[in-house]
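The values are calculated or read from the model by the stated rules, or taken from the named source; none is laboratory data. All of these numbers come straight from a predicted model, not from anything done at the bench. Cβ: placed from backbone, ideal geometry, glycine included. Neighbour counts: every protein chain shown.
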Amino acid sequence: MKLWKRAAAAIKDQKSLLAVGFSRRASYRNTDLEAAIIKATSHDDSSVDYSNAQRVYKWIKASPLNLKTLVHALSSRVNHTRSWIVALKSLMLLHGVISCKVPSVVGEIRRLPFDLSDFSDGHSSLSRTWGFNIFVRAYFAFLNSYSSFTADQISRTRANLRSDKVDSVKQQLDRIQKLQSLLDLILQIRPIADNMKRALILEAMDCIVLESINIYGRICSGIIKILPAAGKTDAARSLKIVNKATSQGEDLAMYFEFCKGFGVSNARDTPQFVTIPMAEVEAMEKMVKSVEKDEQKQEEEVVEKAIVLLEKPRLQTIITDKWQTFEDDEYCFSEKAIQEYHQDPLPLVVSNQPVCYTMPDLITF
């Protein structure tokens, strides 16, 4: 059965090569490059064709115009395949292109030219391929974000060179946090099924391990550079980044142990990363505490002012044995008023209902 599958896969690759040979010529197409891409992303899961992968890299470095051919050929191949082998090799090939450090190429790729976020292999049952499907999806999620991040950094560098500017502390902190997010994504790429110990998976994990070292090294270097320049306004955010970097260092060490046990060559020796000076971290912690105390003091002062404004004068009770006489009272109890009442007494109305008085309208004229 395995021999039959390999033969069928080889026939598919040959058909793709023949299709390239007889395809219409166009200004954006390079048939030699397309043929190298097909061979580098073949259906063979026993090995990676590094010679054709190197040809692809040379074509891309030779002229940025070949990027159109790469995008067209890879997107067409991935969109028409249902093989986890072809999908994974395409990701590895594009990962190498992004890492080639050619600004004119990397700056134009940005998002990947295909979508593998919901990839599912269609050549075997799900019970056999679910682990490979998850592996491909996780690799795509990382590489898609990594490509966009790299393109943004190249664009920012070009803008700074034109204006003779340097990234602010906030921009540097933003970059470090994005790198930390990328590291979180890359640590999700791992074989989780029992049937995944394949040569191609091991090759892919070798690339992933090297990239994880690179990203974490950039995180630590960025932190060491930014700590002395961070002020009180950035102290809390900087300390949060430092704490996350420490936690990620532990996660990365565990990841290396897993890869080492799985048989990944590049994970045999755990690398020695640049350590963050504790003196700088302690100074940052003191700065954060100082800022928190200042904020707490300001809040207390605001509360005290609010209490003072809300206080009302207390009412006092005055006890006296002297009566205060008003004009109405004098009239009511005068002899003249009593005589008038006896001559024309008012009717006495007794009711259990409360008496309501209508207040005069003093506003409407």
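Please tell me if Arg137 is of a type in the set (Lys, Arg) and over 30 Å from Ala253 (Cβ atoms). Against the criterion (of a type in the set (Lys, Arg) and over 30 Å from Ala253 (Cβ atoms)), Arg137 does not qualify. Would you confirm, using the coordinates I've provided, whether Ile208 is closer than 30 Å to Ser46 by Cβ and in a helix (DSSP H, G or I)? Judged against the criteria, Ile208 is a match. Within the range 241-259, is there a residue that is among the hydroxyl-bearing types (Ser, Thr, Tyr), out of contact with any Lys or Arg (no Cβ under 8 Å at 6 or more places or on another chain) and more than 25 Å from Trp84 (Cβ to Cβ)? Yes, there is a match, as at least one residue in the range 241-259 is among the hydroxyl-bearing types (Ser, Thr, Tyr), out of contact with any Lys or Arg (no Cβ under 8 Å at 6 or more places or on another chain) and more than 25 Å from Trp84 (Cβ to Cβ).
Residues in the range 254-284 that are under 25 Å from the mean Cα position of the chain (by Cα), surrounded by 12 or more Cβ atoms within 10 Å (Cβ to Cβ) and either among the aromatic types (Phe, Trp, Tyr) or in a helix (DSSP H, G or I) (or both): Tyr255, Phe256, Phe273, Val281, Met284.
Within the range 225-239, being free of Cβ contacts under 8 Å to residues at least 60 places away in the same chain and surrounded by 14 or more Cβ atoms within 10 Å (Cβ to Cβ) holds for Ile226, Leu227, Ala235, Ala236, Leu239. Can you find even one residue in the range 155-174 that is assigned to a helix (DSSP H, G or I) and under 25 Å from Met254 (Cβ atoms)? The answer is no; no qualifying residue exists.
Residues in the range 55-88 that are of a type in the set (Val, Ile, Thr) and surrounded by fewer than 20 Cβ atoms within 10 Å (Cβ to Cβ): 1 in all.
Against the criterion of being part of a helix (DSSP H, G or I), of a type in the set (Asp, Glu), at pLDDT below 95 and within 30 Å of Leu88 (Cβ to Cβ), Asp184 does not qualify.
For the range 48-74, filtered to residues that are within 13 Å of Ser90 (Cα to Cα) and outside any helix (DSSP H, G or I), the residue that is nearest to the chain's Cα centre (by Cα) is Val48. Scanning the range 267-279 for residues that are of a type in the set (A, V, I, L, M), in contact with an Asp or Glu (Cβ under 7 Å, 6 or more places away or on another chain) and touching a residue at least 60 places away in the same chain (Cβ under 8 Å) turns up nothing. Residues of the range 143-166 that are closer than 22 Å to Leu94 by Cα and β-branched (Val, Ile, Thr): Thr150, Ile154. Taking the listed residues Trp130, Trp59, the one that is under 27 Å from Gln188 (Cα atoms) and of a type in the set (Phe, Trp, Tyr) is Trp130, with no other qualifying.
Return yes when Ile208 is modelled with pLDDT under 95 and either surrounded by 19 or more Cβ atoms within 10 Å (Cβ to Cβ) or hydroxyl-bearing (Ser, Thr, Tyr) (or both) and no when it is not. Answer is no for this residue.
Number of residues in the range 131-166 that are surrounded by fewer than 16 Cβ atoms within 10 Å (Cβ to Cβ) and more than 20 Å from the chain's Cα centre (by Cα): the value is 10.
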